[in-house]
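Asks: Mind looking over this structure? Questions follow.
The values are calculated or read from the model by the stated rules, or taken from the named source; none is laboratory data. Since we're looking at a predicted model, the values are computed, not measured. Neighbour counts are summed over all protein chains in view; Cβ atoms, including those assigned to glycine, are modelled from backbone coordinates with ideal geometry.
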Amino acid sequence: MNAALSTPEALVEALQGPSPSYKRAEVDAVVANATETAPLLLALLDGLMSDPDTIEERLDPNDFGPLYAFVSLSQLRYEAAHDTFVRIARLPTDAFEVLLAEGLVTEGLTAPLVRTAGGRTDGLRAIVLDDDADNYIRAQAAEALAIMVHRGHAERGEVLELLSQVMISDSDWPSFLPAGMLAAMFLLGAVEYSDLIAKAFDEDLVDPVMFGDLDDTLDDMEKERRTRAGLQQASDAADLNDVHRSMSWWYCFSPEAPRLGGLAPASAKDQRQARARAEKRKHANRKQKSARKRQRRKK
C-alpha cells in the first residue's frame, strides 16, 4: 500500500464519491489487498441494503463506491457476497439504478451472480421468480441458471421447467420477460418445448427481431442442443478475469457523462418510460410484419 492509502479502510474509501474518470489505480489496490478489503466492500453494500426502501434518499447519485464495490467483489469471486448480490438484484428498478448503474439492469449482472454463487442456485431461482424484480435482471439470472446447468450445478430438466413456466406467466406488453426466459432456454437447447415456444411466438410474447422466425429459432436451438457452443461462450464470458476490461469503458466514466454540479441526467423513471414507448412502437411494427407473414403463408 502506498503512503496515501495506508490502510484497507483508506483503500475502500478511495473508491467512494464522484468518479470523473475510471479509478484504475484504486481498483488495483483494492484487488491486490483482497483479504483485508473484501469484507469492507461487502460491509459497504450491506450497510446500504440494511434499509432498501430508503436507498434512493440516502445515497448520493454521484457516489460510485457501491458500483466499484460490487464489481470488485465479483472480480474476487467473493462468495460471501452472493446473498447480498441476490438481494440487490431483487431491488425495484429505480433503487437498483441508484445503487449501481442503469447499464447493469440490461447486461453485466450474469457474471457477478455466477462468479459469487459457489455452485448455489437458490438465489438465482429466487430472482427469476420474483415478480417485483426488473424483468431484464430476471433474464440475466435465467442465463446464470443455464450456465450453472452447463457447469453441473443444476439439473437441465428442472431449470427448463422453471424457465418455461415463467416465460408464459407474463403476457403484458411491454415486457422483456418472455424473451429473456426463451433466451436462456435457447442456450439449453430446449427443443422439447417447441410447442410452448410456438405458442409464445403466435401470441407475440417474444421478439422475432431478436430470435428470427419460429422455424429458424427451433433449427438454431437444435444446433445449440447438439453443440452447446453458445452456452460454452456464455460460461466463458462469466469467467472474464479482468475487472478493468469489464467496467472501465462504461459511459459513466467518460468525460461526456453527467457530473456533480452539471446537468442532471433523466430520471430512471423517465428513462424506463422512454424505453417502454420505444418497445410499444417496435411491438406494433412487429405485429404488422407478423400479420403480413401469416397472410403470405395462407396464400
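Asks: Assess whether GLY108 counts as being in contact (Cβ under 8 Å) with a residue 40 or more places away in the chain, under 20 Å from the mean Cα position of the chain (by Cα) and on the phi > 0 side of the Ramachandran plot.
Replies: yes
Asks: Go through LEU113, LEU129, LEU160, LEU145 for me and flag whichever is buried (at least 24 other Cβ atoms within 10 Å of the Cβ), more than 28 Å from GLN16 (Cα to Cα), touching a helix residue (DSSP H, G or I) at 6+ places or on another chain (Cβ under 9 Å) and not polar (S, T, N, Q).
Replies: After applying the criteria, what remains is LEU145.
Asks: Quickly run through segment 8-42 and pick out the residues that are exposed (fewer than 13 other Cβ atoms within 10 Å of the Cβ), of a type in the set (Gly, Ala, Ser) and part of a helix (DSSP H, G or I).
Replies: The answer is ALA25, ALA32.
Asks: Here's a follow-up. Would you check if LEU104 is surrounded by 22 or more Cβ atoms within 10 Å (Cβ to Cβ), modelled with pLDDT under 90, assigned to a helix (DSSP H, G or I) and hydrophobic (A, V, I, L, M, F, W, C)?
Replies: Yes; evaluated as a whole, the condition is true for this residue.
Asks: Just checking, does segment 134-155 include any residue being under 19 Å from THR84 (Cα atoms), in contact with a Ser or Thr (Cβ under 9 Å, 6 or more places away or on another chain) and assigned to a loop (DSSP other than H, G, I, E, B)?
Replies: Within segment 134-155 (the criterion being under 19 Å from THR84 (Cα atoms), in contact with a Ser or Thr (Cβ under 9 Å, 6 or more places away or on another chain) and assigned to a loop (DSSP other than H, G, I, E, B)), the answer is yes, since at least one residue qualifies.
Asks: If I filter segment 158-169 for residues that are hydrophobic (A, V, I, L, M, F, W, C), touching an Asp or Glu at 6+ places or on another chain (Cβ under 8 Å), within 16 Å of ALA139 (Cβ to Cβ) and not in a helix (DSSP H, G or I), do I get at least one hit?
Replies: No, that holds for no residue.
Asks: Out of LEU91, LEU73, report the one residue that is within 20 Å of GLN140 (Cβ to Cβ) and in a loop (DSSP other than H, G, I, E, B).
Replies: LEU91
Asks: Continuing with the same structure: Kindly provide the set of residues from segment 116-127 that are part of a helix (DSSP H, G or I) and without any contact (Cβ under 8 Å) to a residue 40 or more places away in the chain, ordered by number.
Replies: Let us first name the residues in segment 116-127 that are part of a helix (DSSP H, G or I), namely 116-117, 122-127.
Passing the criteria: ALA117, ASP122, LEU124, ARG125.
Asks: Something else about it: Within the set of pairs 6+ apart or on separate chains, which have a first residue in segment 53-82 that is closer than 19 Å to THR116 by Cα, a second that is basic (Lys, Arg), and C-beta atoms under 7 Å apart?
Replies: Here the result reads TYR68/LYS23; SER74/ARG115; ARG77/ARG115; HIS82/ARG120, each pair linking segment 53-82 to a residue that is basic (Lys, Arg).
Asks: Can you tell me how many residues within segment 188-230 are among the acidic types (Asp, Glu), more than 22 Å from SER169 (Cβ to Cβ) and surrounded by fewer than 17 Cβ atoms within 10 Å (Cβ to Cβ)?
Replies: Counting residues in segment 188-230 that are among the acidic types (Asp, Glu), more than 22 Å from SER169 (Cβ to Cβ) and surrounded by fewer than 17 Cβ atoms within 10 Å (Cβ to Cβ) gives 6.
Asks: Which one of the conditions (1) part of a loop (DSSP other than H, G, I, E, B); (2) in contact with an Asp or Glu (Cβ under 8 Å, 6 or more places away or on another chain); (3) modelled with pLDDT under 95 does GLY261 fail to meet, given that it meets all the rest?
Replies: (2)
Asks: Quick one: LEU163 ticks every box in (1) touching a Pro at 6+ places or on another chain (Cβ under 6 Å); (2) more than 30 Å from TYR251 (Cβ to Cβ) bar one, so which box is it?
Replies: Going through (1) touching a Pro at 6+ places or on another chain (Cβ under 6 Å); (2) more than 30 Å from TYR251 (Cβ to Cβ) one by one, LEU163 breaks only (1).
Asks: What about SER267, is it of a type in the set (Ser, Thr, Tyr), within 21 Å of the chain's Cα centre (by Cα) and modelled with pLDDT of 80 or more?
Replies: No, not satisfied.
Asks: In segment 177-207, which residues are in a helix (DSSP H, G or I), farther than 21 Å from GLU107 by Cβ and not polar (S, T, N, Q)?
Replies: Of everything in segment 177-207, those that are in a helix (DSSP H, G or I), farther than 21 Å from GLU107 by Cβ and not polar (S, T, N, Q) turn out to be VAL191, GLU192, TYR193, ASP195, LEU196, ILE197, ALA198, LYS199, ALA200, PHE201, ASP202.
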